[in-house]
Amino acid sequence: SGERFDAVVVGAGPAGAAAAYTMASQGLSVVMLERGEFPGAKNMFGGVLYRHALEALIGEAWKESGLPVERVVTEQRYWLLGPESVVSIGHRHARFMDPPNAWTAFRARFDPWLAGKAKAAGALPVYQTTAIDLLRDPATGRVTGVLVDRDEGELYADVVVIADGVNSLLREKLGIPRWKPHQVSLAVKEVLALPREKIEDRFNLEGNEGVTIEFLGATSRGLTGLGFLYTNKETLSLGIGVMVDDLLRRPIAPYELLESVKQHPMLHKLLHGAETVEYSAHMIPEGAWHAVPQLAGDGWVLCGDAAGLVNFVNREGSNLAMLSGQMAGEVIVEARRAGDLSAQRLMAYDRRVRRSVIGQDLRKIRRLPAMLHRWGGERLFDHLVGAINEAAYRYFLVDGTPKRQAEAEALRHVVRAAGGWRGTMRLAWDALRGV
Ligand code: FAD
């Protein structure tokens, strides 16, 4: 009550823990709030954790034993699914192993580990505590702390780091509008248990190698959606995310969607005999550049999912969360040293994020959310992906048809699905500009 800190961090996910770690390492007094029983208790993601951002934050400390990860991702596959077919592309490289480019992981294990690093650096963890409002200086309006759901729950700080995730309450308290339906997806995930030898056989793996499969097409039933299947040590992570605007147009219960995903013949073969051990759902901010609000103001900065910093094309979110948390922490440390914690000074964080790889990648895909909305899931994910499968079938079928004719037929499948030649040109143009 009435206690004062250099910074209050709201949320001990990757963004908040990274910010807390960075500031505490530089000697700032930091309190790290988390509403969960422990960090990660209720958090989920698909499962790919990238080394780069972790190393940028904690250096070589990821090498110590105890980093809670599952397998090293050495192969990544993309699947375009027809109702009973697949067109696939993928890449495997031994070099992804050493040093690991990415791992599969569980947030319920990774988040406490990373928050533990922040604690070891000196941040004060306060769990099972929810920030319910911002405190403001009545005269200037400057944010001076947070109100938490405890008796005498005022926590005062020079800066509040808002890292409370996609459904950020504090961002709303700042007056930042909610996500529009075409800027956010709803994802459901199941963890399925399967013996290690079966996983290694079915996915052609040895030791701690791992595979990721992203799939789209028939599995999203005409919605704009992306599915994933990742290998863990003794489990598989299976999920699918669909754009909320599409869900509003064609309501399908997410768990029903996941049930039908499991029945797809290409996935069924890999999942056969696996038993569901966990089920969860979560939102993903997918608005890219145009949905990113102002990232700093008088007494506050915004990080990670709360700021919409997700590159959904390359399924990068946890790494961008860590990078943004670290940048926020660094800017606050610098601002303190300069003795200037004004809004203008904190806006250096906004500029830094936008100029960094985060801003560059979100700008690169800035047109994609509107484009996906315009084309609609049915046309792109049902008709077009279906046609690509038919085209591939025609291409590979040997039935006495001369090749020139077979190739022309294959091409016609795709052109027809795109709405004729004009539609095909428009789609190609949009796609080139979109990604
Ligand atoms: P979060 O991880 O959401 O953390 C926010 C924290 O704040 C939570 O711990 C929450 O409990 C806490 N909190 C919320 N409100 C309050 C409050 N008022 N007071 C106190 N605490 C509060 N990213 C990848 O890099 N790779 C992937 O493979 C990947 N796959 C994904 C698959 C799915 C299905 C989903 C949903 C996301 C995926 N992501 C992936 C994205 C990634 O999970 C997020 O970008 C990342 O978790 C964002 O981190 P964050 O710290 O900003 O937010």
Practice task
Under a cut-off of 19 Å between alpha-carbon atoms, report the lysines in cross-link reach of LYS189, not counting same-chain residues fewer than 8 places apart.
Solution key: LYS42, LYS233, LYS262, LYS269
Handout entry: Length gained when the stretch VAL313-ARG351 is fully extended (0.36 nm per residue, less Cα-Cα span)
Key = 11.4 nm
Problem - Residue among VAL357, VAL414, VAL211 with the largest mean-square fluctuation in a Gaussian network model of the chain, springs linking Cα atoms under 10 Å - result: VAL357
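Please compute the length gained on full extension between TYR255 and VAL126, using 0.36 nm multiplied by the number of residues separating them and subtracting their Cα-Cα distance.
Details: separation 129, 0.36 × 129 = 46.44 nm, distance 3.37 nm.
Gain on extension, TYR255 to VAL126, equals 43.1 nm.
Counting other Cβ atoms within 10 Å, which chymotrypsin sites (Phe, Trp or Tyr not before Pro) in the stretch 153-229 have at most 12 and lie in a DSSP loop? Intermediate results must be reported in sequence, preceding the final value.
On the way: sites: TYR156, TRP179, PHE203, PHE215, PHE228; in loops: TRP179.
Hits after loop and neighbour filter: nothing returned.
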Fill in the blank from the handout: With -39,500 (n - 2.57) per DSSP H segment of 4 or more residues and division by the full residue count of the chain, the 222 nm estimate, nearest 500 deg cm²/dmol, is -11000 deg cm²/dmol
Fill in the blank from the handout: Treating only Lys and Arg (+1) and Asp and Glu (-1) as charged, each at its beta carbon, one finds that the chain has a dipole about its Cα centre, in Debye to the nearest 20, of 1580
Completion exercise
Checking ILE240, ILE284, ILE58 against a Gaussian network model of the chain (alpha-carbon springs below 10 Å), the top fluctuating residue turns out to be ILE58
Handout entry: Stretch gain in nm, segment GLU84-ALA281, where the contour uses 0.36 nm per residue and the Cα spacing is subtracted
Key = 68.2 nm
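Please order VAL8, VAL166 by the number of other Cβ within 10 Å, starting at the fewest. Walk me through the numbers before you get to the answer.
On the way: VAL8 31, VAL166 20.
Least crowded to most crowded, the residues run VAL166, VAL8.
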Handout entry: Along each principal axis, Cα extent of the stretch 369-434, largest first, Å
Key = 44, 19, 16
Exercise for the section: Quick one: what are the phi-derived ³J(HN,Hα) couplings along the stretch 397-413, Karplus 6.51/-1.76/1.60 with θ = phi - 60°, whole Hz, x for glycine and proline? Expected result: 6, 9, 9, x, 6, x, 4, 4, 5, 4, 5, 5, 5, 4, 4, 4, 3
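Kirkwood hydrodynamic radius (Cα pairs, Å) of the chain? Mind showing how you got there, number by number?
Working: mean 1/r = 0.0436 Å⁻¹.
Here the Kirkwood hydrodynamic radius works out to 22.9 Å.
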Exercise for the section: For the stretch 98-205, just the Cα atoms, rotate onto the principal axes and tell me the three extents in Å, largest first. Expected result: 66, 40, 30
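What is the Å³ per residue value for the convex hull set by the Cα atoms of the stretch 181-285?
Values: hull volume 9.5 nm³, N = 105.
Per-residue hull volume (Cα only) is 90 Å³.
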Fill in the blank from the handout: Exposed-loop cut sites defined as GluC sites (Glu not before Pro) in DSSP loop states with at most 14 other Cβ within 10 angstrom; longest site-free run of the chain spans 235-435
Fill in the blank from the handout: Protection proxy (average C-beta count within 10 Å per residue), highest first, orders 305-314, 125-134 as 305-314, 125-134
Completion exercise
Counted neighbours (other Cβ, 10 Å), sorted fewest up, put SER65, SER29, SER237, SER356 in the order SER65, SER356, SER29, SER237
Handout entry: Size of electric dipole in the stretch 181-285: Cβ of Lys, Arg +1 and of Asp, Glu -1, about Cα centre, debye, nearest 20
Key = 300
Completion exercise
Diffing the stretch 259-275: the Karplus 3J(HN,Hα) column from phi (6.51, -1.76, 1.60, θ = phi - 60°), in whole Hz with x for Gly and Pro, holds 4, 6, 4, 5, 8, 4, x, 5, 7, 4, 4, 7, 9, 3, x, 7, 10
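Considering only the other residues whose Cβ falls under 12 Å of the Cβ of HIS182, what net charge follows from Lys and Arg at +1 and Asp and Glu at -1? Please list the in-between numbers first.
Values: positive: LYS180, ARG249, ARG374; negative: ASP245, ASP246, GLU286.
Overall, the nearby charge balance is 0.
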Problem - Farthest toward positive dipole pole in the chain [+1 Lys/Arg, -1 Asp/Glu at C-beta], among PHE110, GLY423, ALA274 - result: GLY423
Completion exercise
Between ARG416 and ASP137, the two model label points (7 Å from Cα along the beta-carbon direction) sit apart by a distance in nm of 6.9
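Readers should treat all values here as calculations from the given coordinates under stated rules, not as data from a laboratory. What you see is a predicted model; the values in this text were computed from it and never measured. Counting neighbours? That spans all protein chains shown, and the Cβs are built from the backbone with ideal geometry, glycine included.
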